[in-house]
Each structure stands twice: as structure tokens, then as C-alpha cells.
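First the structure, in the form of C-alpha cells, and then the observations on it.
The values are calculated or read from the model by the stated rules, or taken from the named source; none is laboratory data. These numbers come from a predicted model, not from an experiment. Methodologically, a virtual Cβ is constructed for each residue, glycine included, from the backbone with ideal geometry; neighbour enumeration extends over all protein chains shown. Only protein heavy atoms, including side chains, enter the accessible area calculation; ligands, DNA and RNA are left aside. Shrake-Rupley method; radii C 1.70, N 1.55, O 1.52, S 1.80 Å.
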Amino acid sequence: MTGLLAAVLGYLVGSIPFGLVFTRLAGLGDIRAIGSGNIGATNVLRTGRKGLAFATLVFDGGKGAFAAGMMAWLAGTDAGLIAGVAAVLGHNFPVWLKFKGGKGVATTFGVLLIAAWPVGVGACLTWLVIAAAFRISSLAALVSLAAAPVYALIFATPAHALAALGLAALGFVRHRANIKRLLRGEEPRIGQKKPAA
């Protein structure tokens with residue numbers, strides 16, 4: 001019952017589409033009709049509103065951290081990890097948007113930062129290094145997601161590593177179109193507007 005409660009609460013928290021909410025409040029319309037159609041911070045940045053993109057990044061990460069941290073505090077580490085994974089699933093497949101959500105990178109980072117901060121910091125630093133070197137958000141996301149389970153094995157527990165591995169696998173599935181564009185050399189760089197898909 002504790003695991004089920006953690007999963008349900010994590011999913012509901014994670015399913016709040018902050019990118020959509022913020023862009024609508026700013027009068028920009030539906031973010032799903034802009035750029036890639038994604039509700040995450042990278043696509044919000046394509047509106048040219050850096051403040052909105054930053055707010056989306058913080059709140060998307062924050063909902064993962066909140067879900068994982070709250071359940072860990074209430075019911076222990078395993079419940080926190082379940083809630084964190086469920087929050088990422090909620091972001092990716094929100095019931096409010098007919099299960100069409102984002103890719104979960106910021107939410108994953110939020111979960112990792114609260115569940116095992118060295119793992120989260122390592123993943124974030126990896127993203128920053130790859131993004132600075134190549135200026136491609138999706139590449140940075142994929143490399144940092146792949147590195148997270150390794151960091152978890154070194155700095156946390158097998159349970160953390162398993163959760164990070166599951167989140168990495170989910171992230172790769174959600175980035176499959178990006179992977180195809182990366183292989184073709186067609187993936188847009190950070191800040192570059194992407195034509196609607």
C-alpha cells in the first residue's frame with residue numbers, strides 16, 4: 001500500500017505541466033503548438049522567453065524533488081524512489097494532456113538531487129559540460145542520463161542505481177526522435193528555433 005500510495009502521489013505531482021501553464025499565463029498560447037511541441041524547458045526556450053524557460057526548468061525539477069523527498073521523509077528511501085520514478089512518468093505521460101507530455105530530464109534531475117545528491121550533482125554537471133561543449137540539449141541529456149546509474153553505483157545504493165537505470169531507459173525512449181536527428185547531424189542547437197514537427 002505504501003508503494004502504491006507513493007506511485008499515485010508521485011504521478012499526480014509529476015503530471016503538473018508547468019511549461020504549458022507558464023506559457024499560457026504569459027500570453028504565448030499553447031506551447032504544444034510551438035517548436036517541437038514539447039512542454040519542457042528546452043522548447044519553452046524556443047519562445048525566446050528565457051525567464052519562462054528557467055521557471056519551467058526549476059518547477060519541473062522541483063516537482064520531482066518534492067515527490068521523491070516527501071515520500072522518502074514519510075515512508076523511507078524505497079518509497080521516495082518509487083514516487084520519484086512515478087513523478088517522471090507523470091511528466092512524460094500526464095493524464096491531463098491525454099498522456100502526451102515531456103521527456104522528463106529536468107524532473108529526473110530533481111529526483112536524483114533529492115534522492116542522492118552526489119548522483120544528481122554529477123548528472124547536472126555532466127549535462128552542463130556536454131551542453132557547453134556541443135550546444136545540443138538532447139545530447140547533453142542522453143549522456144547525463146546514461147552516466148547517472150554509474151554515479152549511483154559509486155555514490156549511492158543498488159536501489160538508487162536501479163531507479164536511475166530505469167529513468168535513463170525511459171529518457172532514451174522519449175528521445176528516440178532526437179537520437180535519429182543526432183545520427184543525421186540535424187539536431188538543433190541550444191537556443192535555435194526548431195520547426196514544428
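Computed values, structure above
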| item | result |
| --- | --- |
| Of all residues making up region 135-158, the number that are modelled with pLDDT under 95 and part of a helix (DSSP H, G or I) | 2 |
| Candidates Ala53, Ala68, filtered to the one that is at pLDDT below 95, within 21 Å of Lys103 (Cβ to Cβ) and not β-branched (Val, Ile, Thr) | Ala53 |
| Residues (modelled with pLDDT of 95 or more and open to solvent by less than 10 Å² (accessible area, probe 1.4 Å)) located in region 92-103 | Asn92, Pro94 |
| Total residues in region 1-49, condition assigned to a helix (DSSP H, G or I) and either under 17 Å from the mean Cα position of the chain (by Cα) or at pLDDT 90 or above (or both) | 28 |
| Test: Val88 is in a helix (DSSP H, G or I), open to solvent by less than 10 Å² (accessible area, probe 1.4 Å) and at pLDDT below 95 | no |
| Residue, farthest from Tyr151 (Cα to Cα), within region 85-127, restricted to residues that are more than 14 Å from the chain's Cα centre (by Cα) and among the small types (Gly, Ala, Ser) | Ala115 |
